[in-house]
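Trainee: Below is a structure I'd like to ask you about.
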């Protein structure tokens, strides 16, 4: 969401007010709902047998011009900006649109909820922290993604909120992007599918859902001033393909347009992105809302597809829009379309027929769901026979670094969920402070101790490298936790771990050959010490059940099944842009360096070759390839066949090891030579659960958009005749099965 910082501290009186407020609000809310129900029961648009579009049109027929204008903008920054007025019925969330009481149209309370409900502490309430969405994408499990969204939806309802503004699907074009942890990886088919099912889960709870940040908002550096240059073919086959797939799956209530410019026009007033592509080609029926402060005009924005200005005090869609309608610069037909899209989304989601009623969040159910998702998300990157660990009274384990004695790291910015009891690494009353690295009370140390209660397990914070190395030297095993705090409005300057943590790992590994590294990161990092350690586990930001999930995997109670949704480069030099665009000449550690960036054009020379496609096309060998992940068992693939008519593939996966496990079988396709591509594309995958020695046959349908190129002259997807090379295996770089799909003219 917005880069503006939420209020930095709570006063004692405010904390008391917001803790007490829900008690009175519940009664007032129930009375208001009862009164509204009696008032609106006979209104024709309350007939549930009518379609959402019919119901919206009936409402519009009764609305005044002022009421229509009221619905197309928010009511200000509220709690996001110190000193800003707070609308009377605001739910202390990120945004608020005032409803039309006389017509039975409720307010819209919009909440940041990328990885859980943000700012719950403003109401003295609890919210579940889920694993990062990048972590969840590592599960490659649409069912898990749906559960993720359902958790957010049900907790938003419990908070009395009726719209989520999560749903980030910007692909990992820039692996140092500060918000990659909010997104779903580098491949548009995987990212679009996982985000689509996540947002479908939100909608299942009668909460309006959202897809963002539309579009090509792939870095935070200069995000409000950068003009992205990318040809339409490359856009459609990369970033916009992820949006197209996610929107088709989730039927989102809203699409949030981004801060940046695209080919010379701001995204929130870009006719091609909003009118021609989103509303016409993608057949999007919902409304386009601006990111907070991303509106730059009245008439141009309205005519080019923006439907609602957020947060609404930027003075474009209130009185200026009313005047533009009265003067004929914006037609009443266009204003009605803006309002229609908002209303039909409210009816379609069920927020009018099934309004949220405040209740108490079940933290234990949330924790269990978060732990399940984390157990599918954690990726085992290296294992030289050291894992799984065995409980032993003779074992001594050194646990080092990253506040692993008290908690797990979370992502920051507008995705920051408030930690219960405050930051576990530095407990303070009130909500989270923007920019702080917030740790949640899920202690890896305690959960490791619980798995091997008779072992000698000691913790040291790692700030003294020599002391950490000494503890490691006297232990049978060393587990080093390293971290990469990431957040909105700042990118990492490099893939290297911050705060001299690479040196810490090197020192510990030199002292103890049995060293395991656990990564708590927002995205890919370089690992110069990789050859000196025996085990590497990518935990991402694992959520409130993260330590439990990690301990289960470290001790083999859960067999790791996660696989990378992003490529891990060896270093920055391997990337298409070795320096984050816009940071050239800017001191890496300069305060507020992103705000020192002047307007610039950013040409993505890699085009549609994002992530693993770039590495394959340039013959570079990354540290870890897209789709990679180890298990405590082994798998064998055999018998790939292709059905040309149905465009399906069939093969067998067998568990050749001694442990039950789940393999993520992946299928890639290389298009015919006429496509002029020197890389393959992810086309299908499936999680396959197998007992030791068990085999299962897998039949998958190739994703139709993975088989086509975008023809800009015809403005359509084109299936080329010819031979398509189909491969299958455990990762993008390991595809032992090969076959051919024939497409005839």
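The values are calculated or read from the model by the stated rules, or taken from the named source; none is laboratory data. Since the model is a prediction, treat every value here as computed from it, not as a measurement. All Cβ positions, even for glycine, are placed from backbone atoms using ideal geometry, and neighbour counts span all protein chains on display.
Trainee: Just the residues that are without any contact (Cβ under 8 Å) to a residue 60 or more places away in the chain and in a strand (DSSP E or B), please, taken from segment 694-710.
Mentor: In the first step, residues of segment 694-710 are kept if they are without any contact (Cβ under 8 Å) to a residue 60 or more places away in the chain; the result is 694-702, 704, 708.
Passing the criteria: 695, 696, 697, 698, 699, 700, 701.
Trainee: Also, quick follow-up: Considering only residues that are buried (at least 17 other Cβ atoms within 10 Å of the Cβ) and either in contact with a helix residue (DSSP H, G or I) (Cβ under 8 Å, 6 or more places away or on another chain) or within 19 Å of residue 461 (Cβ to Cβ) (or both), which ones fall in segment 423-435?
Mentor: From segment 423-435, those buried (at least 17 other Cβ atoms within 10 Å of the Cβ) are 423-425, 430-434; that's our starting set.
Across segment 423-435, the qualifying residues are 423, 424, 425, 430, 431, 432, 434.
Trainee: Six or more apart or on different chains, Cβ atoms under 8 Å: show the pairs whose first residue is in segment 713-731 and in a strand (DSSP E or B) and whose second is surrounded by fewer than 21 Cβ atoms within 10 Å (Cβ to Cβ) and modelled with pLDDT under 95.
Mentor: From residues that are in a strand (DSSP E or B), there are no pairs.
Trainee: Another one. Taking residue 476 as meeting all but one of (1) out of contact with any strand residue (DSSP E or B) (no Cβ under 9 Å at 6 or more places or on another chain); (2) over 20 Å from residue 443 (Cβ atoms), write down the number of the exception.
Mentor: If we test residue 476 against (1) out of contact with any strand residue (DSSP E or B) (no Cβ under 9 Å at 6 or more places or on another chain); (2) over 20 Å from residue 443 (Cβ atoms), just (1) comes out false.
Trainee: Another one. Could you list, in sequence order, the residues of segment 611-631 that are in contact with a helix residue (DSSP H, G or I) (Cβ under 8 Å, 6 or more places away or on another chain) and over 13 Å from residue 678 (Cβ atoms)?
Mentor: Within segment 611-631, the first condition is being in contact with a helix residue (DSSP H, G or I) (Cβ under 8 Å, 6 or more places away or on another chain), and the residues that meet it are 615, 620-623, 625-627.
621, 622, 623, 625, 626, 627, listed by residue number.
Trainee: Say whether the condition of being touching a strand residue (DSSP E or B) at 6+ places or on another chain (Cβ under 8 Å), in a loop (DSSP other than H, G, I, E, B) and under 19 Å from residue 111 (Cβ atoms) is met by at least one residue in segment 395-410.
Mentor: Step one: filter segment 395-410 for residues touching a strand residue (DSSP E or B) at 6+ places or on another chain (Cβ under 8 Å), giving 395-410.
Narrowing the set further to residues that are in a loop (DSSP other than H, G, I, E, B) leaves 395, 401-407, 410.
From the residues that got through so far, the ones that are under 19 Å from residue 111 (Cβ atoms) too are 410.
Taking every residue of segment 395-410 in turn, at least one turns out to be touching a strand residue (DSSP E or B) at 6+ places or on another chain (Cβ under 8 Å), in a loop (DSSP other than H, G, I, E, B) and under 19 Å from residue 111 (Cβ atoms).
Trainee: Tally up the residues in segment 23-46 that are modelled with pLDDT of 65 or more and surrounded by 11 or more Cβ atoms within 10 Å (Cβ to Cβ), please.
Mentor: Result for segment 23-46: 5.
Trainee: Moving on to the next point. Working only within segment 328-357, note down all residues that are under 20 Å from residue 209 (Cβ atoms) and part of a loop (DSSP other than H, G, I, E, B). Break it down into steps so the answer makes sense when it comes.
Mentor: Residues of segment 328-357 under 20 Å from residue 209 (Cβ atoms): 338-357.
Within segment 328-357, 350, 351, 352, 353, 354, 355, 356, 357 meet the criteria.
Trainee: Assess whether residue 174 counts as being free of Cβ contacts under 8 Å to residues at least 60 places away in the same chain and either more than 30 Å from residue 359 (Cβ to Cβ) or surrounded by fewer than 24 Cβ atoms within 10 Å (Cβ to Cβ) (or both).
Mentor: Working: free of Cβ contacts under 8 Å to residues at least 60 places away in the same chain: no; either more than 30 Å from residue 359 (Cβ to Cβ) or surrounded by fewer than 24 Cβ atoms within 10 Å (Cβ to Cβ) (or both): yes.
It is false that residue 174 is free of Cβ contacts under 8 Å to residues at least 60 places away in the same chain and either more than 30 Å from residue 359 (Cβ to Cβ) or surrounded by fewer than 24 Cβ atoms within 10 Å (Cβ to Cβ) (or both).
Trainee: Being more than 27 Å from the chain's Cα centre (by Cα), in a loop (DSSP other than H, G, I, E, B) and free of Cβ contacts under 8 Å to residues at least 40 places away in the same chain is the filter here; which residues of segment 428-452 pass it?
Mentor: 428
Trainee: Go through segment 526-545 and give me each residue that's out of contact with any strand residue (DSSP E or B) (no Cβ under 6 Å at 6 or more places or on another chain), surrounded by 24 or more Cβ atoms within 10 Å (Cβ to Cβ) and either under 22 Å from residue 183 (Cα atoms) or at pLDDT below 95 (or both).
Mentor: 540, 543, 545
Trainee: Between 366, 385, which is under 30 Å from residue 548 (Cβ atoms), part of a loop (DSSP other than H, G, I, E, B) and touching a residue at least 60 places away in the same chain (Cβ under 8 Å)?
Mentor: Working: 366 fails: part of a loop (DSSP other than H, G, I, E, B).
Sole residue among the options that is under 30 Å from residue 548 (Cβ atoms), part of a loop (DSSP other than H, G, I, E, B) and touching a residue at least 60 places away in the same chain (Cβ under 8 Å): 385.
Trainee: Going through segment 65-88 one residue at a time, which ones are touching a helix residue (DSSP H, G or I) at 6+ places or on another chain (Cβ under 9 Å) and not in a helix (DSSP H, G or I)?
Mentor: The answer is 72, 73, 84, 85, 86, 87.
Trainee: Tell me yes or no: at least one residue of segment 226-249 is farther than 19 Å from residue 188 by Cα and out of contact with any strand residue (DSSP E or B) (no Cβ under 7 Å at 6 or more places or on another chain).
Mentor: No, that holds for no residue.
Trainee: Whether any residue in segment 554-564 is closer than 30 Å to residue 392 by Cβ, surrounded by fewer than 23 Cβ atoms within 10 Å (Cβ to Cβ) and touching a strand residue (DSSP E or B) at 6+ places or on another chain (Cβ under 9 Å) is what I want to check.
Mentor: Yes - at least one qualifying residue is present in segment 554-564.
Trainee: Then there is this: Quick check on my filter: what residues within segment 304-331 are touching a helix residue (DSSP H, G or I) at 6+ places or on another chain (Cβ under 7 Å) and either on the phi > 0 side of the Ramachandran plot or without any contact (Cβ under 8 Å) to a residue 40 or more places away in the chain (or both)?
Mentor: 304, 305, 324, 329, 330 - these are the residues of segment 304-331 that are touching a helix residue (DSSP H, G or I) at 6+ places or on another chain (Cβ under 7 Å) and either on the phi > 0 side of the Ramachandran plot or without any contact (Cβ under 8 Å) to a residue 40 or more places away in the chain (or both).
Trainee: Of all residues in segment 669-693 being assigned to a loop (DSSP other than H, G, I, E, B) and over 21 Å from residue 612 (Cα atoms), which is nearest to the chain's Cα centre (by Cα)? Outline the logic, then answer.
Mentor: At the first step, the residues of segment 669-693 found to be assigned to a loop (DSSP other than H, G, I, E, B) are 671-672, 676-680, 691-693.
Remaining after also requiring over 21 Å from residue 612 (Cα atoms): 691-693.
Details: 691: 32, 692: 34, 693: 36 Å.
Filtering segment 669-693 for residues that are assigned to a loop (DSSP other than H, G, I, E, B) and over 21 Å from residue 612 (Cα atoms), the one nearest to the chain's Cα centre (by Cα) comes out as 691.
Trainee: Now a separate question. Restricting to segment 260-285, name every residue that is without any contact (Cβ under 8 Å) to a residue 60 or more places away in the chain and assigned to a loop (DSSP other than H, G, I, E, B).
Mentor: 260, 263, 264, 270, 282, 283, 284
Trainee: Quick one: which residue in 288, 255 is buried (at least 24 other Cβ atoms within 10 Å of the Cβ) and either in the same structural domain as residue 682 (by TED's automatic domain parsing) or under 20 Å from residue 184 (Cβ atoms) (or both)? Step through it out loud before you land on a result.
Mentor: Working: 288 fails: either in the same structural domain as residue 682 (by TED's automatic domain parsing) or under 20 Å from residue 184 (Cβ atoms) (or both).
Going through 288, 255 in turn, the sole match is 255.
Trainee: Only one of 732, 683 is touching a helix residue (DSSP H, G or I) at 6+ places or on another chain (Cβ under 6 Å), under 16 Å from residue 644 (Cβ atoms) and buried (at least 20 other Cβ atoms within 10 Å of the Cβ). Can you tell me which?
Mentor: Values: 732 fails: under 16 Å from residue 644 (Cβ atoms).
From the options 732, 683, the qualifying one is 683.
Trainee: Now a separate question. Would you point out the residue of segment 88-103, among those that are modelled with pLDDT of 95 or more and surrounded by fewer than 23 Cβ atoms within 10 Å (Cβ to Cβ), that is farthest from the chain's Cα centre (by Cα)?
Mentor: 102
Trainee: Moving to a separate point now. Quick check: is even one residue across segment 107-121 in a helix (DSSP H, G or I) and over 13 Å from the mean Cα position of the chain (by Cα)?
Mentor: yes
Trainee: Filter segment 642-678 for residues that are farther than 14 Å from residue 723 by Cα and surrounded by fewer than 19 Cβ atoms within 10 Å (Cβ to Cβ) and give the result.
Mentor: 646, 648, 650, 652, 654, 656, 657, 658, 659, 660, 678
Trainee: Next up: Taking residue 413 as meeting all but one of (1) in contact with a helix residue (DSSP H, G or I) (Cβ under 6 Å, 6 or more places away or on another chain); (2) under 30 Å from residue 528 (Cβ atoms), write down the number of the exception.
Mentor: Exception for residue 413: condition (1).
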